[in-house]
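Chemist: Okay, handing you the structure first.
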Amino acid sequence: MTAPTAGFQRACALGDLEEGTPKRVELDGVPVSIVRTEGEVFAINDICSHANVSLSEGEVEDCQIECWLHGSSFDLRTGKPSGPPATKPVPVYPVKIEGDEVLVSVTQES
């Protein structure tokens, strides 16, 4: 295995991810939800921008993750909320797949 690309670190194995089921990990103290959906893997900050709750406990549909508490959904590609009550986006992070490893950089937001 080659060394991870600068700034990227192992989040989990690709095989650990079930389609449409978020997986919470912590990278450098940052809570991150890793989601495999629609043939891609996304990394989004795991804390809802409206209420301080874990997004990884919510449902995933159409490249959106829904906050289970108040129902705001966030785009997995951009972090932007689809509507109230959330009005602020949550950070999303770059993802690289190397073999069976899912690498994420929490030092750079995309």
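Chemist: Can you tell me which lysines have their Cα less than 20 Å from the Cα of residue 23? Leave out same-chain residues fewer than eight positions away.
Modeler: Reachable lysines: 80, 96.
Chemist: With every protein chain in place, what's the accessible area of residue 63 (1.4 Å probe, Å², nearest 10)?
Modeler: Approximately 0 Å² for this residue.
Chemist: Spin-label point model (7 Å from Cα, Cβ direction): what's the residue 52 to residue 30 distance in nm?
Modeler: Here the answer is 2.0 nm between the modelled labels.
Chemist: Given a 1.4 Å probe and every protein chain left where it sits, what share in percent of the accessible area of the chain is carbon and sulfur?
Modeler: Heavy-atom surface of the chain belonging to carbon and sulfur, 1.4 Å probe: 46 percent.
Chemist: How much area per residue is accessible in segment 7-107 when the probe is 1.4 Å and only protein heavy atoms are counted (Å²)?
Modeler: It amounts to 48 Å² per residue over segment 7-107.
Chemist: Charges at C-beta only: +1 for Lys and Arg, -1 for Asp and Glu. How large is the resulting dipole of the chain about its Cα centre, in Debye rounded to 20?
Modeler: For the chain, the charge dipole is close to 380 debye.
Chemist: Something else about it: In the chain, which Cys residues have no partner Cys with a Cβ closer than 4.7 Å?
Modeler: Taking the Cβ cut-off of 4.7 Å, the unpaired cysteines of the chain are 12, 63.
Chemist: Quote the relative contact order of the chain in percent (integer), defining contacts as alpha-carbon pairs under 8 Å separated by 6+ residues.
Modeler: Relative CO of the chain lands at 26 percent.
Chemist: Of the listed values [x] 45, 33, 23; [y] 44, 25, 18; [z] 76, 43, 22, identify the label whose number matches Cα extents along the principal axes in Å calculated from this model.
Modeler: [y]
The values are calculated or read from the model by the stated rules, or taken from the named source; none is laboratory data. It should be emphasised that the depicted structure is a prediction, and the values quoted were computed from it without experimental measurement. Positions of Cβ are backbone-derived with ideal geometry, glycine not excepted, and every protein chain shown enters the neighbour counts. Each accessible area value is taken on the protein alone, full model and side chains, heavy atoms only, with ligands, DNA and RNA left out. Shrake-Rupley method; radii C 1.70, N 1.55, O 1.52, S 1.80 Å.
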